[in-house]
Amino acid sequence: MAGIDLIRLGPQDLALMRGLLDLFGAVFDEPQTCAGDPPPDDWLRGMLAGDGFIALAAVAGDHVVGGLAAYVLPKFESARREIYLYDLAVAETHRRRGIARGLIRLLQQEARHRGAWVIFVQADRGDAPAIALYESLGRREEVLHFDIPPAGR
């Protein structure tokens, strides 16, 4: 990964976080969802400063070329945490260079630092590259996912 820096984003990294949102929008072909209604600076700063959210970026020069977003979930049944890897993306121009694997390795270090028990992630059926990556790093479980709207929606 010559010329690529992997960075854990903090509250001072608003420009990089906004670059990560733009990258997610481009890679997932959902620019309106990821960057169409951007949160204000104080919202992002609070997320990046808190202990419930992790944002990692792969940066080439001053451009975000990869990144991930994860949530830290404190468990109620025992004194431990789990981490949900929510989004992972690498710009098409920078794929096949080990960036995704490097970001996950950095997340594993962050998980150890935070006392997490496990990192879990979902992959869409048919997303062969993501499935292959995740299978190379962990154990596969077959689950069903349901979106339940809030009351009144």
For this session: With runs of 4+ DSSP H residues as the only contributors, calculate the mean residue ellipticity of the chain at 222 nm using -39,500 (n - 2.57) per run, divided by the residue total and rounded to the nearest 500.
Result: -10500 deg cm²/dmol
Exercise. Most mobile of D29, D13, D127 per a Gaussian network model of the chain (Cα springs, under 10 Å)?
Worked result: D127
Problem set entry | Selected from I119, A15, G61, residue furthest toward positive end of dipole (segment 5-137; charges at beta carbon) | I119
Exercise. For segment 1-82, what class follows from the C-alpha gyration tensor (a ≥ b ≥ c being the square roots of its eigenvalues): rounded when a/c is under 1.5, otherwise prolate if a/b is larger than b/c, else oblate?
Worked result: prolate
Problem set entry | Net charge dipole size for the chain [Lys, Arg +1 and Asp, Glu -1 on Cβ; Debye, nearest 20] | 640
Exercise. How do E82, E77, E92 rank when sorted from fewest to most other Cβ atoms within 10 Å of their own Cβ?
Worked result: E77, E92, E82
Seminar exercise, completed: Final fewest-first order of T33, T93 on the 10 Å Cβ neighbour count is T93, T33
Exercise. Once you list every other residue whose beta carbon is under 14 Å from the beta carbon of K75, what net charge do they have if Lys and Arg are +1 and Asp and Glu are -1?
Worked result: +1
For this session: Decide, for the chain, between rounded, prolate and oblate: order the square roots of the alpha carbon gyration tensor eigenvalues as a ≥ b ≥ c, take rounded if a/c falls under 1.5, and otherwise choose prolate if a/b is larger than b/c, else oblate.
Result: rounded
Seminar exercise, completed: Membrane-span-like helices (DSSP H runs, Cα span along own axis at least 15 Å, mean Kyte-Doolittle at least 0.0) in the chain -> 14-27
Exercise. How much net charge surrounds G102 when only other residues with a Cβ under 15 Å from its Cβ are counted (Lys, Arg +1; Asp, Glu -1)?
Worked result: +4
Problem set entry | Separation of alpha-carbon centers, segment 79-107 and segment 1-73, rounded to whole Å | 12
Problem set entry | Gaussian network model of the chain, Cα within-10 Å springs - most flexible of L56, L88, L73 | L73
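Every read-out reported here was derived from the displayed coordinates using simple, explicitly stated rules and does not represent laboratory data. Predicted model only: the values in this text are computed from it and were never measured. Don't worry about glycine lacking a Cβ; one is built from the backbone with ideal geometry, like all the others, and counts go over all protein chains shown.
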